[in-house]
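The values are calculated or read from the model by the stated rules, or taken from the named source; none is laboratory data. Computed from a predicted model, the values in this text were never measured in an experiment. Here the Cβ positions follow ideal geometry from the backbone for every residue, glycine too, while neighbour counts run over all protein chains shown.
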Amino acid sequence: MTRIIAGRAGSLALEVPDAGTRPTSDRVRESLFGSLESTGALSGAAVLDLYAGSGALGLEAVSRGAASADLVEKSARAAGVAQRNASRVARALGPDTAIRVHRASADAYLASAKRTFDLVFLDPPYDLGEAALAATLSLLAPLLSADADVIIERGSRSPEPALPAGLVAARSKRYGDTALWWAAPASRG
């Protein structure tokens with residue numbers, strides 16, 4: 001069972017798609033969100049969760065103080081699950097909660113997005129090629145606020161993501177079969 005770990009919707013159970021997604025483990029989410037909270041990255045943030053699956057990453061961020069979350073999922077079945085989870089979290093947090101689910105590919109969403117984001121999660125399928133991931137990151141870079149954090153989740157055997165101009169590597173961490181890479185706008189310097 002996947003759940004919201006902490007925050008105002010803490011311990012709320014989340015539905016998980018029955019196939020085609022790979023939920024981020026509680027252990028990885030707990031470590032990741034502890035790190036984000038310690039730097040103040042969640043407070044009031046506009047969050048984008050690409051390849052959202054159940055939406056657990058974006059919904060955890062809203063539970064812990066992010067101002068909004070946009071969950072982007074291409075699969076109709078997974079997007080339906082994310083929508084039900086978003087509705088459940090929104091009910092727990094109150095009427096001012098801004099959570100939107102977009103049924104679209106990551107690239108199609110990014111190509112039409114008109115806003116900037118402070119925190120972005122990318123948890124693409126492990127079989128997504130490195131060139132496709134680099135193309136998605138190129139579309140994402142102009143949509144980032146100056147202090148944005150980008151977190152890319154991949155299999156621990158995956159190579160470090162190739163970052164486009166406009167993004168620089170910040171750090172990485174491995175958790176068993178999972179690796180997280182942090183990136184930031186190059187202008188943050």
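Test each condition in (1) among the hydrophobic types (A, V, I, L, M, F, W, C); (2) under 21 Å from Ala66 (Cβ atoms); (3) surrounded by fewer than 19 Cβ atoms within 10 Å (Cβ to Cβ) for Val168 and report the one that comes out false.
Single failed check for Val168: (2).
Name the single residue, out of those in the stretch 24-38 being touching a residue at least 12 places away in the same chain (Cβ under 8 Å) and surrounded by fewer than 17 Cβ atoms within 10 Å (Cβ to Cβ), that is farthest from Ala98 (Cα to Cα).
Arg27
Residues of the stretch 108-136 being modelled with pLDDT of 95 or more, touching a Ser or Thr at 6+ places or on another chain (Cβ under 8 Å) and surrounded by 17 or more Cβ atoms within 10 Å (Cβ to Cβ), which ones?
Leu110, Phe117, Asp118, Leu122
When only residues in the stretch 97-107 that are in a strand (DSSP E or B) and touching a strand residue (DSSP E or B) at 6+ places or on another chain (Cβ under 6 Å) count, which is surrounded by the fewest Cβ atoms within 10 Å (Cβ to Cβ)?
Arg100
Before we move on, is Arg174 surrounded by fewer than 17 Cβ atoms within 10 Å (Cβ to Cβ), under 16 Å from the mean Cα position of the chain (by Cα) and among the basic types (Lys, Arg)?
no
Is it the case, given these coordinates, that Ser87 is of a type in the set (Ser, Thr, Tyr) and more than 14 Å from the chain's Cα centre (by Cα)?
So Ser87 fits the description; yes.
Which of (1) under 23 Å from Tyr126 (Cα atoms); (2) in contact (Cβ under 8 Å) with a residue 40 or more places away in the chain is the odd one out, the single condition Arg8 does not satisfy?
(1)
Answer yes or no as to whether Ala66 is assigned to a loop (DSSP other than H, G, I, E, B), within 19 Å of Arg103 (Cα to Cα), at pLDDT 95 or above and of a type in the set (Gly, Ala, Ser).
no
With the checklist (1) out of contact with any Pro (no Cβ under 8 Å at 6 or more places or on another chain); (2) on the phi < 0 side of the Ramachandran plot in hand, flag the one item Ala56 doesn't pass.
All conditions pass for Ala56, except number (1).
Just need a number here: residues in the stretch 51-96 that are among the hydroxyl-bearing types (Ser, Thr, Tyr) and either over 19 Å from Glu37 (Cα atoms) or surrounded by fewer than 17 Cβ atoms within 10 Å (Cβ to Cβ) (or both).
The total comes to 4.
Would you check if there is a residue in the stretch 43-63 being in a loop (DSSP other than H, G, I, E, B) and among the aliphatic types (A, V, I, L, M)?
Taking every residue of the stretch 43-63 in turn, at least one turns out to be in a loop (DSSP other than H, G, I, E, B) and among the aliphatic types (A, V, I, L, M).
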